[in-house]
1. Of all residues in the range 15-47, which are over 9 Å from the mean Cα position of the chain (by Cα) and closer than 16 Å to Gln65 by Cα?
2. Within the range 34-77, which residues are surrounded by fewer than 14 Cβ atoms within 10 Å (Cβ to Cβ) and touching a Gly at 6+ places or on another chain (Cβ under 6 Å)?
Amino acid sequence: MTCSDIVELDVIGEQCPMPLLKAKRALNGMAAGQQLRVLATDKGSVRDFQVFARQSGNALLSTEQVEGVYIHMLEKAGAGQPQ
């Protein structure tokens, strides 16, 4: 996977539900297998993205916190998987 295969979404400073809603919109425009890197400061985004991944079929590859910014890596579900 190259850097161009990773889409970055900066929602720093936005509060629930905006980080998740904007991530859903971004994923809808992506191809199966592409990755989305979300930068958020909303603490609730950690739980939101875990639940979203379970319910949507998209994979939550990782979540980490760096200097107050939560970095969520998601992978768009492949063909034939729920979204």
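1. Those that are over 9 Å from the mean Cα position of the chain (by Cα) and closer than 16 Å to Gln65 by Cα: Ala40, Thr41, Asp42, Lys43, Gly44, Ser45, Val46, Arg47.
2. Answer for the range 34-77, where residues must be surrounded by fewer than 14 Cβ atoms within 10 Å (Cβ to Cβ) and touching a Gly at 6+ places or on another chain (Cβ under 6 Å): there is none.
None of the figures in this text is laboratory data; all of them are computed from the coordinates on show. Note that this is a predicted model, so its numbers are computed, not measured. Glycine also receives a Cβ, built like all others from the backbone with ideal geometry; neighbour counts cover every protein chain displayed.
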